[in-house]
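As structure tokens, the structure follows; a few thoughts come after it.
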Amino acid sequence: MHIPELLAPAGSIETFRAAFEAGADAFYLGYGDFNARKRARNFTEEELRLAVKAAHAHGRRVYITLNTLLFSRELPAFLDLLDLIREVRADAVIVQDIGVLSLLREFFPEIPVHASTQMFCHNSLHAAFLRDAGVSRIILPRELSLREIGDIMERVPVEYEVFVHGAMCFSFSGCCLASSWLHGESGNRGRCRQVCRHAFRADGRECYPFSMMDQNALRFVPELVRMRVASLKIEGRLKNADYVYETVSAYRATLDAIRGGMTLDPVPEISRQRETGQGYFSGGPDYYRLVQCNASGTAGEVLGGTLEITGREIRAVIIGKPVKGMRLRVQDVRGRNLYEGVLLDFTRRCEAGREVLSWRVSERVDTAGYTPPFTLYVVGRSAPADALGWLRGLARKSAVKPVSIEVEIVPGILRVDAVAGTSPVILRREYPLATEPSRSHPLSPEDCVRIFSQAGAFSLAPEVVACRVSPGLFCPVGVLKEARRTVYSDLDLLLRTRVAEERKARRAAIEREIGIIVREHAVDSVPRTFRYSDSVCPPVKGEPEFTAYPVALEGNPEPSPSPETVLVLPHFVPEAKVEDWKRRLIALAALGYTRFIVPTYGWLALRDSLPEVEFIAGSYCYAVNPFSVDKLARHGVISFVPSPDIRDEDIDPVRRFRGCLTALNAPRELFITRLSLPAAEYRLRGLVYRPRRFEDYTVVEGC
């Protein structure tokens with residue numbers, strides 16, 4: 001029976017351990033700056049190496065999250081990270097940036113790539129594009145029903161990963177700009193400020209219109225098993241170890257019961273901080289079934305509310321149990337962070353029947369400019385002192401470089417013929433060896449195999465060991481072990497030299513490729529401009545070269561075709577309407593419409609069906625580095641619309657590679673959601689946010 005992989009979050013060593021002991025098959029974790037959870041503790045280089053070794057030693061897998069956008073200036077540091085991932089032999093990387101995908105497939109072909117949910121693969125067109133681009137697995141967005149997931153799987157066979165538990169975003173992943181607009185911190189860069197959890201005002205009252213219930217899909221696991229989904233994913237790299245252990249255990253028990261032909265009744269209970277629901281799985285997006293609009297959202301797990309903050313002391317009434325090593329955050333009522341740190345120096349006592357925590361922090365906390373009341377959140381846990389030791393012990397049995405070695409011992413000489421590594425090096429040498437005629441216990445081939453089957457401190461795995469020994473020879477065990485250390489040291493040096501040479505050659509090839517991209521796509525013109533025909537935003541100065549009109553399947557007539565007309569395709573097309581949209585585009589092209597703004601990558605899969613059409617990559621295609629620009633250009637993209645999520649200094653280096661098209665009246669989009677919202681407008685901080693309904697989705701725009 002096919003049983004999906006159970007994939008667990010690991011925001012730290014402690015949560016890695018919790019997920020490991022609860023029975024997870026695989027773990028996803030972050031290292032460095034290139035992941036979407038920069039607020040998680042994440043892993044150091046040593047911890048990453050040990051985690052991969054430990055997982056592999058026990059038949060489990062590790063996926064590295066690279067699910068953010070990559071700017072040109074960051075390429076050298078990013079390549080260092082890819083070299084590390086390649087060296088430790090992580091099982092896959094999870095990516096958002098189409099340029100990163102292209103870079104990996106061309107220069108790191110041995111690293112499997114999983115398309116992040118940030119790539120917003122919501123139908124078979126998009127899935128086909130990503131499959132053809134070289135991903136081995138697609139992580140589907142949470143907004144799909146079981147039927148839609150099944151249809152996509154049937155039409156585009158590839159591995160699919162599905163979220164089954166944890167926090168949900170109000171906006172489609174990869175299409176949320178709220179944190180950038182309001183705080184200047186991009187969710188696409190791992191710095192989401194969770195605007196969706198803030199209190200807004202609507203219809204004269206305070207509410208939480210964008211605060212989604214958490215997902216709990218335990219009851220759908222049997223159906224997902226029948227569908228042959230590759231992986232069931234639990235959200236939570238910001239969660240603590242207790243939560244991870246409890247959640248992974250519940251899903252492990254459910255999967256094991258199915259494997260054994262049983263049904264767990266009742267379904268295991270999992271503790272929660274927010275109201276939970278079944279997500280979109282049952283179909284028919286229902287606002288009140290998915291949004292906890294009358295209750296406060298959270299930016300983590302609530303530990304308590306603050307009584308006072310004085311200098312370096314934070315006093316709070318707590319509702320949970322504080323544990324040394326917890327990472328805590330203090331946030332004001334508007335969702336702004338006052339302080340974040342590790343709970344080390346603290347006391348607890350009862351005051352007037354309430355449990356009060358006194359936390360002495362490392363620096364003075366200034367509350368000026370922040371709006372009380374303040375809330376204390378648990379956002380993670382630092383690893384306890386023994387966690388690293390536990391990980392080292394778990395990793396001892398794993399070596400990452402296979403070795404095949406033949407040894408021959410003749411009087412005074414050790415001959416070695418060895419092959420090591422996945423990108424193999426060959427060692428053929430003779431070493432002097434102090435041997436003598438045996439008086440009673442001659443050295444046997446079996447003794448030699450036993451000694452050379454152990455690589456000691458080197459990360460080498462002798463998988464095939466063969467030995468020949470001249471009859472009647474004796475060699476002290478200590479001498480033979482010293483010779484073994486010399487052999488494996490030489491092998492290790494050869495491997496490290498090979499890695500350095502390959503790295504240098506790869507960097508040079510990448511630099512050459514960037515030069516080619518610059519020459520192929522360079523433009524020498526001022527950016528062109530356009531206006532949206534339906535935007536309520538006032539235009540800035542300037543006369544637009546083009547006018548962009550939204551396209552619908554029906555009921556939205558377009559203007560007559562002209563060189564100044566651009567048609568804007570929808571952000572979201574449910575699987576049931578994909579074929580209708582294919583016919584619609586072919587008909588529009590036959591009528592003479594030649595330019596289309598494509599908001600997502602899936603539309604590019606129609607390139608062969610529309611050879612005369614020119615595509616303009618919309619702002620959610622994120623052309624932010626040379627490789628993303630080149631990838632889009634090779635799929636018929638003639639220009640791109642810069643994302644408002646990206647600062648000018650980060651987008652400028654790619655402007656010269658390919659012409660960009662700037663809207664003179666661009667809407668201030670915060671969220672794009674599948675839900676229909678009940679109110680006409682929502683207010684926060686003196687600003688007004690209005691839902692604008694399209695055929696199958698809603699855009700929330702700020703005014």
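Some observations on this one:
- Residue count, the range 622-656 (criterion: of a type in the set (Val, Ile, Thr) and at pLDDT below 75): 2
- Flag if Asp97 is at pLDDT below 95, surrounded by fewer than 19 Cβ atoms within 10 Å (Cβ to Cβ) and not basic (Lys, Arg): no
- No other residue among Ser643, Ser628 is under 23 Å from Met119 (Cβ atoms), open to solvent by less than 30 Å² (accessible area, probe 1.4 Å), in a loop (DSSP other than H, G, I, E, B) and hydroxyl-bearing (Ser, Thr, Tyr) apart from Ser643.
- Looking across Glu520, Glu511, one residue alone is of a type outside the set (A, V, I, L, M, F, W, C), under 23 Å from Arg86 (Cβ atoms) and open to solvent by 40 Å² or more (accessible area, probe 1.4 Å). It is Glu511.
- Residues in the range 435-462 that are small (Gly, Ala, Ser), over 11 Å from Ile405 (Cα atoms) and open to solvent by less than 70 Å² (accessible area, probe 1.4 Å): Ser438, Ser444, Ala455, Gly456, Ser459.
- Looking across the range 348-363, the residues that are within 34 Å of the chain's Cα centre (by Cα) and either more than 19 Å from Val323 (Cβ to Cβ) or open to solvent by less than 70 Å² (accessible area, probe 1.4 Å) (or both) come down to Trp359, Val361, Glu363.
- Checking each residue in the range 1-19 for being among the hydrophobic types (A, V, I, L, M, F, W, C) and either under 19 Å from the mean Cα position of the chain (by Cα) or modelled with pLDDT of 95 or more (or both) picks out Ile3, Leu6, Leu7, Ala8, Ala10, Ile13, Phe16, Ala19.
- Odd one out for Glu501, checked against (1) closer than 19 Å to Gly412 by Cβ; (2) exposed (fewer than 13 other Cβ atoms within 10 Å of the Cβ): (1)
- Subset of the range 215-231 [open to solvent by 10 Å² or more (accessible area, probe 1.4 Å), more than 14 Å from Ile3 (Cβ to Cβ) and either in a helix (DSSP H, G or I) or in contact with a Leu (Cβ under 9 Å, 6 or more places away or on another chain) (or both)]: Arg219, Phe220
- Count of residues meeting criterion [assigned to a helix (DSSP H, G or I), of a type in the set (Val, Ile, Thr) and over 15 Å from His122 (Cβ atoms)] in the range 553-588: 1
- Candidates Ala509, Ala500, Ala483 - the one that is assigned to a helix (DSSP H, G or I), out of contact with any Asp or Glu (no Cβ under 9 Å at 6 or more places or on another chain), closer than 30 Å to Val100 by Cα and not acidic (Asp, Glu): Ala500
- Condition check for Leu81: of a type outside the set (S, T, N, Q) and modelled with pLDDT of 90 or more: yes
To keep it simple, each residue is scored yes or no on (1) at pLDDT 90 or above; (2) small (Gly, Ala, Ser); (3) over 30 Å from Ser72 (Cα atoms).
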residue: Val419; (1), (2), (3): yes, no, yes
residue: Ser440; (1), (2), (3): no, yes, yes
residue: Ser453; (1), (2), (3): yes, yes, yes
residue: Phe474; (1), (2), (3): yes, no, yes
residue: Val487; (1), (2), (3): yes, no, yes
residue: Thr497; (1), (2), (3): yes, no, no
residue: Arg507; (1), (2), (3): yes, no, no
residue: Ile510; (1), (2), (3): yes, no, no
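- Close Cβ contacts (under 9 Å, 6 or more residues apart or on different chains) running from residues in the range 350-366 that are in contact (Cβ under 8 Å) with a residue 24 or more places away in the chain and in a loop (DSSP other than H, G, I, E, B) to residues that are open to solvent by 70 Å² or more (accessible area, probe 1.4 Å) and of a type in the set (D, E, K, R) comprise Val361/Arg312; Val361/Asp345; Ser362/Arg312; Ser362/Asp345; Glu363/Arg312; Arg364/Arg312; Val365/Arg312.
- Among the residues of the range 589-625, those identified as under 28 Å from Ile510 (Cα atoms), of a type in the set (Val, Ile, Thr) and assigned to a loop (DSSP other than H, G, I, E, B) are Thr600, Val624.
The values are calculated or read from the model by the stated rules, or taken from the named source; none is laboratory data. Not measured: the values here are computed from a predicted model. Positions of Cβ are generated from backbone atoms using ideal geometry, with glycine treated the same way; all protein chains shown enter the neighbour counts. To get the accessible areas, we keep the full protein, side chains included, count just its heavy atoms, and leave off ligands, DNA and RNA. Shrake-Rupley method; radii C 1.70, N 1.55, O 1.52, S 1.80 Å.
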